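Notes to accompany the following structure.
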Amino acid sequence: KVAGCLRGDTLQVSVRDNGHGFDATSCPGPSTGHYGLEGIRARIRRLGGSFRIESEPGHGTLATFSIRI
């Protein structure tokens, strides 16, 4: 499910799934050749925004970001 809204000059977007989830605190990163989540974080940071991901094994995942436009 994808949702988005404008609040003043800030775009807020969330993406939720009902998949298998993962341990967001220990998922593979750039040191092991995985750039997906870190790439998203870097791009949103360059835009002055924030990014958050919530997930745990056996449950879905929620990713949210907000940026000023």
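The values are calculated or read from the model by the stated rules, or taken from the named source; none is laboratory data. Computed from a predicted model, the values in this text were never measured in an experiment. For neighbour counting, all protein chains shown are included, and Cβ atoms are generated from backbone atoms with ideal geometry for every residue, glycine included. The protein model used for the area step is the full one, side chains on, heavy atoms only, and it has no ligands, DNA or RNA in it. Shrake-Rupley method; radii C 1.70, N 1.55, O 1.52, S 1.80 Å.
Values computed for the structure shown
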quantity	calculated
With every protein chain in place, the chain: carbon and sulfur % of accessible area (1.4 Å)	54 percent
Accessible surface, per residue, of the chain when the full set of protein chains is kept, probe 1.4 Å, Å²	73 Å²
Radius 14 Å from Cβ of Gly21, net charge of other residues (Lys, Arg +1; Asp, Glu -1)	-3
Mean projection area, nm², convex hull over Cα of segment 1-47	4.5 nm²
Between 0 and 90°, nearest 10: helix 36-46 axis offset from the chain longest Cα axis	20 degrees
